[in-house]
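Data first, discussion second: the structure below is written as structure tokens.
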Amino acid sequence: MKEKEAKSLVKMFKALAHPNRFRLFLEIVQESEKAFEEGHDCFANAIMDKLNVGAPTISHHLKELVNADLISTERKGKFLTCRVNPDAMARLNVFFSRT
């Protein structure tokens, strides 16, 4: 494995090491799958309601997931949409399939 890829994976694992952030990421993955199937967007406020966590905390964790390149976010009016980064998921799948 090249050093650049290793650093990228370490950054992802660090972001996912926090329990709340890990739960948030799993919710985004699940909501993204549903959104794709049903033809709508995955909104951060729907996830926030499920996790029973405040907006500032969610905002912080979303920022960390974006910085780790695990998700992307986009403003749609007053709502924030979340999408899983398919390249990051592919890299994680390759990593776990090798070990």
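So how many residues does region 47-98 have that are under 22 Å from PHE13 (Cα atoms) and of a type in the set (Phe, Trp, Tyr)?
Selection size over region 47-98: 2.
If we scan region 14-25, do we find a residue that is touching a helix residue (DSSP H, G or I) at 6+ places or on another chain (Cβ under 7 Å) and loosely packed, with under 13 Cβ neighbours inside 10 Å?
No, the conditions are met nowhere in region 14-25.
Tally the residues that are of a type in the set (A, V, I, L, M) and closer than 14 Å to ASP69 by Cα, restricting the search to region 7-28.
Matching residues across region 7-28 total 6.
Kindly indicate the residue of region 65-92 that is surrounded by fewer than 16 Cβ atoms within 10 Å (Cβ to Cβ) and in contact with a strand residue (DSSP E or B) (Cβ under 7 Å, 6 or more places away or on another chain) and also modelled with the highest pLDDT among those meeting that condition.
Ranking the candidates gives VAL66 first.
The values are calculated or read from the model by the stated rules, or taken from the named source; none is laboratory data. Computed from a predicted model, the values in this text were never measured in an experiment. Counting neighbours? That spans all protein chains shown, and the Cβs are built from the backbone with ideal geometry, glycine included.
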